[in-house]
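Just so you know, all these numbers are worked out from the coordinates, no wet-lab data involved. Everything numeric here is computed off the predicted structure, so don't read it as measured data. Positions of Cβ are generated from backbone atoms using ideal geometry, with glycine treated the same way; all protein chains shown enter the neighbour counts.
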Amino acid sequence: MKKNRHAFLQSFLFGISTFFLIACETVQTTQSGVVGVDRKQMMVVSEQEIDQAAEQGYAKLLAQERSKGTLNQNPAQVQQVRTIANQLIRQTTAFRPDARGWRWEVNVFTSPEVNAWCMPGGKIAVYTGLIEKIHPTEDELAAVIGHEISHALREHARERASEQALAGLGISVVAAAAGLGDVGQKGMEYAYMGVLGLPHSRRQETEADRMGLELMARAGYNPHAAVTLWEKMEKIGGAAPVKFLSTHPAAEERLQDITVYSQRVEPLYEQSKRK
């Protein structure tokens, strides 16, 4: 029985992988840069769909924050965040020449949450909890914002939406054909997330780390500050999730990778200081 289940799982994963290859458009969303991010991505959702949804969602969030009186409350924080973000945005052409033409927006939300993000198309939010609990230096804050901008440049949200759409369809088709029912379909969904979905998410986080380091170095921010930033994050992060079930790389592996790539982009930082 176990052999049959194992064989079925292998067959399922092969079928899903084949389905992805047939249905998706393979694209290169960014130039590789000095850090060498050159993985090709498979997309089925259009860039226009994702950007439009992000713009609408961001506008809705701004309206909600404004109504609660939690939008851009602290002028000093807003100025600092926008100054850093604008410096980083100027460097996005190293990865995407078209990014300078995006409708970038940068706002600060009053919230105890330690968080920041950048939606597709350049819609950025930084939460005051990040500033007030981490107490980042300007270089460390640049590491956060550069990381989030890199997710948008790399179109990771579009990639995840494409994967989820295709995986959901593929799982439904295979489960129906095999007569597995709801329980069997749910098991296949867990198998997909554990074997393909979550490792892919961790790879996206690593790409954003590396690209963010290059952005901050080009913008004149010390890339080694990313190491101290994630050390601070780790201290307030609480119990780390099991790596196999985590969408982020393990903390030790992440710090090692950031250390290596901060050294790789250091010449860009030194060059930026001479300008």
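Within the set of other residues whose C-beta is less than 11 Å from the C-beta of ALA143, count the net charge using Lys and Arg as +1 and Asp and Glu as -1.
Numbers: positive: LYS232; negative: GLU138, ASP139, GLU140, GLU148, ASP209.
Residues close to ALA143 contribute a combined charge of -4.
Which of the residue pairs LYS40/LYS60; LYS235/LYS273; LYS60/LYS273; LYS68/LYS235; LYS68/LYS133 have a Cα-Cα distance greater than 29 Å in the structure shown? It would help to have the intermediate numbers written out before the result.
Details: LYS40/LYS60 32 Å; LYS235/LYS273 31 Å; LYS60/LYS273 39 Å; LYS68/LYS235 31 Å; LYS68/LYS133 22 Å.
From the list (LYS40/LYS60; LYS235/LYS273; LYS60/LYS273; LYS68/LYS235; LYS68/LYS133), the Cα-Cα distance tops 29 Å for LYS40/LYS60; LYS235/LYS273; LYS60/LYS273; LYS68/LYS235.
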If you take every residue apart from ALA208 with its C-beta less than 9 Å away from the C-beta of ALA208, what net charge results, scoring Lys and Arg +1 and Asp and Glu -1? -2
